[in-house]
1. Give the residues of region 210-268 that are aromatic (Phe, Trp, Tyr), closer than 22 Å to Glu91 by Cα and touching a helix residue (DSSP H, G or I) at 6+ places or on another chain (Cβ under 7 Å), sorted by residue number.
2. Against the definition (touching a helix residue (DSSP H, G or I) at 6+ places or on another chain (Cβ under 8 Å) and either within 24 Å of Ile159 (Cβ to Cβ) or surrounded by 21 or more Cβ atoms within 10 Å (Cβ to Cβ) (or both)), how does Leu44 come out, yes or no?
3. Does region 12-37 hold any residues that are more than 20 Å from Thr190 (Cβ to Cβ) and part of a loop (DSSP other than H, G, I, E, B), and which are they?
4. Kindly indicate whether Thr280 is under 24 Å from Ala160 (Cα atoms) and at pLDDT below 90.
5. Answer yes or no: is there a residue in region 160-173 that is of a type in the set (Asp, Glu) and in contact with a helix residue (DSSP H, G or I) (Cβ under 8 Å, 6 or more places away or on another chain).
6. Give just the number: which of (1) in contact with a Leu (Cβ under 9 Å, 6 or more places away or on another chain); (2) without any contact (Cβ under 8 Å) to a residue 60 or more places away in the chain does Val74 not satisfy?
7. Quick one: in region 193-219, which of the residues that are of a type outside the set (D, E, K, R) and outside any helix (DSSP H, G or I) is surrounded by the most Cβ atoms within 10 Å (Cβ to Cβ)?
8. Being modelled with pLDDT of 90 or more and in contact with a helix residue (DSSP H, G or I) (Cβ under 7 Å, 6 or more places away or on another chain) is the requirement here; does Leu153 meet it?
Amino acid sequence: MWLAFALASALLLAIRRIYEKELTAQFGNFSLSLVLQAATLLPLLVLFFFLPLPRDVFSLPLSFWLPLSIIWIVLYPVQNYFLYRSLREGELSEVTPVSALLPILNLIPSFLVLHEIPSAYGFVGIIATVIATYLLLTDVPEGARLGYNRPVLFMLLTIACTAIGSTLDKVAIEVSTPVFYTFMNALGATVVFSILTYMYDQQKDLVRVKTMFWKLALLGVLLALAFVAFATAFVLGPTSYTLAIRSGGFLIAALWGIFFLRESLSKKKIAALVLFALGTLALALG
């Protein structure tokens, strides 16, 4: 069952990244984060009528609130800042594949907190994914001022935050329910990004919401479903392998960038995409 939810999350994640790439041209890093998080709140409230909630939401333990607080205040601001810089400055086909590194970066916190370890297949996937990441990170034009691909580096920082947050997600979800946790996650993030939007003078971007309302509303529904599917898969399956399946959605976004956005296709990028696909498959088989 967890596999079906993880696959659904992977597909919806790919659609999200394609939309987000477009929206980074219209919004700042924090204003876009605010708009997207706020757009999920109403759909998530609707899901309250169909999915289970905690018996007593007012007596949830510290293991629910502490992970959420760290995610809201520390991880989300750093993660989304680098995510949207990466998408804005890089190509989908070079930055989205780095998501395949997520289950690998998650191994350490998963082992320390959840006592989960990878299988032999998992270690093969780790090696392939690390090599692929190196290829993308060093895929720069000849004579470039920087010896590394900066958007790829930004995505690496994003994925590192996501890996830590994913373990914290699982701790909090296990003492609540997927839909309630997802709603509280989005609600707190909306408050934090509202503050950051005004602190960094990005509130002027919000006037664009009116002209893009229906697109953002549809995206909010997709994100809500993606979050709940991911949270449900998290409860039912092993953390790193759930992340491996979910991260496989990068391939759809990368192919979209290559075929529809006419992005560049170097030898290093081709080799990296193949290794990412094989690495993710090995992690999933594990």
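The values are calculated or read from the model by the stated rules, or taken from the named source; none is laboratory data. Because the structure is a prediction, the values reported are computed rather than measured. Positions of Cβ are backbone-derived with ideal geometry, glycine not excepted, and every protein chain shown enters the neighbour counts.
1. Phe250, Trp256
2. Yes.
3. Matches in region 12-37: Ala25 only.
4. Spelling it out, Thr280 is indeed under 24 Å from Ala160 (Cα atoms) and at pLDDT below 90.
5. Pass one, region 160-173, residues of a type in the set (Asp, Glu): 169.
Now drop any that are not in contact with a helix residue (DSSP H, G or I) (Cβ under 8 Å, 6 or more places away or on another chain), which leaves 169.
Yes, that holds for at least one residue.
6. (1)
7. That would be Gln202.
8. Judged against the criteria, Leu153 is a match.
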